[in-house]
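Derivation of every value follows stated rules applied to the coordinates shown; laboratory data play no part. Please read all numbers here as calculations on a predicted model, not as lab measurements. Virtual Cβ from ideal backbone geometry, glycine too; neighbours counted across all protein chains shown.
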Amino acid sequence: MSAPRALLIVDVQNDFCPGGALAVVDGDKVAAVLNKYIAAFVKQDALVIASRDWHPRKTKHFKEFGGPWPAHCVQNTPGAAFHPALKLPARTIVVSKGMDPDKDSYSAFQAVDGRRRPLRDILKDAGVKELWVGGLATDYCVKASVLDALKHFKVYLLTDAIRGVDINPGDSKKAIDEMLKAGAREMTLENFSRKRIT
């Protein structure tokens, strides 16, 4: 590889997919696309990282306790599990966020692994220079993660592997525009097949 790269899969969890507590329209559709990116990164022995919301039952993030969202991705519940269509390799590094009941924690850069290492430290220790990002949801956790990532890395936004909440029509498009304007580079499987990660 010309530069160490990592794939960051943001919050592809049951509660954000159809049938979940905070479902994103077609949220499950990102899994098949992400699986193709995963296969390529594994082949190149590159890092695959999956972030997840991992909320306590009581948090100011939820409507019941004054927040904006219905309860979702509560620790150790089926809704918090990664969507079964997402084929995460055994060596995937899982980072969790939203554990602090007083913080919203949209960005994966507010997440830590099982040893409490922040995502930024994990990537830095691995010498990562490029971060490729897909997942859910475009207008919230993907956007927050990409904007934070751009402070430290070259970022590719996998525009065919994201879906948005769109509480207000056009929110996802605005989020994509904001990420690209901030310096993220657009990537799709079609372009990826030409670029590769060799």
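Across the alpha-carbon atoms of region 14-65, the computed radius of gyration and Dmax are 15.0, 45 angstrom.
So what's the angle, to the nearest 10 degrees on a 0 to 90 scale, between helix 30-43 and the longest Cα principal axis of the chain? Result, in degrees: 40.
Protection proxy ranking, highest mean first, for peptides 29-38, 175-184: 29-38, 175-184, where packing is the per-residue count of other beta-carbon atoms within 10 Å, averaged. Residues in region 5-17 carry Karplus couplings, in order, of 10, 9, 9, 10, 9, 9, 6, 8, 10, 4, 5, 9, 10 Hz; the curve used is 6.51 cos²θ - 1.76 cosθ + 1.60 with θ = phi - 60°, and Gly or Pro positions show x.
Among the listed pairs Lys60/Lys97; Lys151/Lys174; Lys129/Lys174; Lys97/Lys181; Lys103/Lys151, those with a Cα-Cα distance over 18 Å are Lys151/Lys174; Lys129/Lys174; Lys97/Lys181; Lys103/Lys151. Scaled to the globular estimate 2.2 N^0.38 Å, the Cα spread of the chain, given as radius of gyration, is 0.95. Taking a Cβ cut-off of under 14 Å around Ala80, the surrounding Lys, Arg, Asp and Glu residues balance to a net charge of 0, with basic ones at +1 and acidic ones at -1. Quick one: if the Förster radius is 25 Å, what FRET efficiency do Ala32 and Asp113 give, using the C-beta to C-beta distance and rounding to 0.05? The pair Ala32/Asp113 has a calculated efficiency of 0.45. The label-point distance for Thr77 and Asn168, in a model that sets each label 7 Å from Cα toward Cβ, rounds to 2.8 nm. When +1 charges are put on Lys and Arg Cβ atoms and -1 charges on Asp and Glu Cβ atoms, the dipole computed for the chain relative to its Cα centre reaches about 620 debye. Its Cα centre serving as origin, region 121-181 has a Cβ charge dipole (Lys and Arg +1, Asp and Glu -1) of approximately 160 debye. In this simple spin-label approximation, Asp177 and Arg57 carry label points 7 Å from Cα along the Cα→Cβ vector, and these lie 4.4 nm apart.
Each 10 Å bin from zero holds the following percent of Cα-Cα pairs in region 104-169: 21, 51, 25, 4. Charge dipole (Cα centre; +1 on Lys/Arg Cβ, -1 on Asp/Glu Cβ; no other charges) of region 91-198 amounts to roughly 540 debye. Dipole of the chain computed with +1 at Lys/Arg Cβ and -1 at Asp/Glu Cβ about the Cα centre; of Val142, Cys17, Ile93, farthest Cα towards the positive end is Ile93. Helix-only arithmetic for the chain: the sum of -39500 (n - 2.57) across DSSP H runs with n ≥ 4, divided by the residue total, places the mean residue ellipticity at 222 nm at -7000 deg cm²/dmol.
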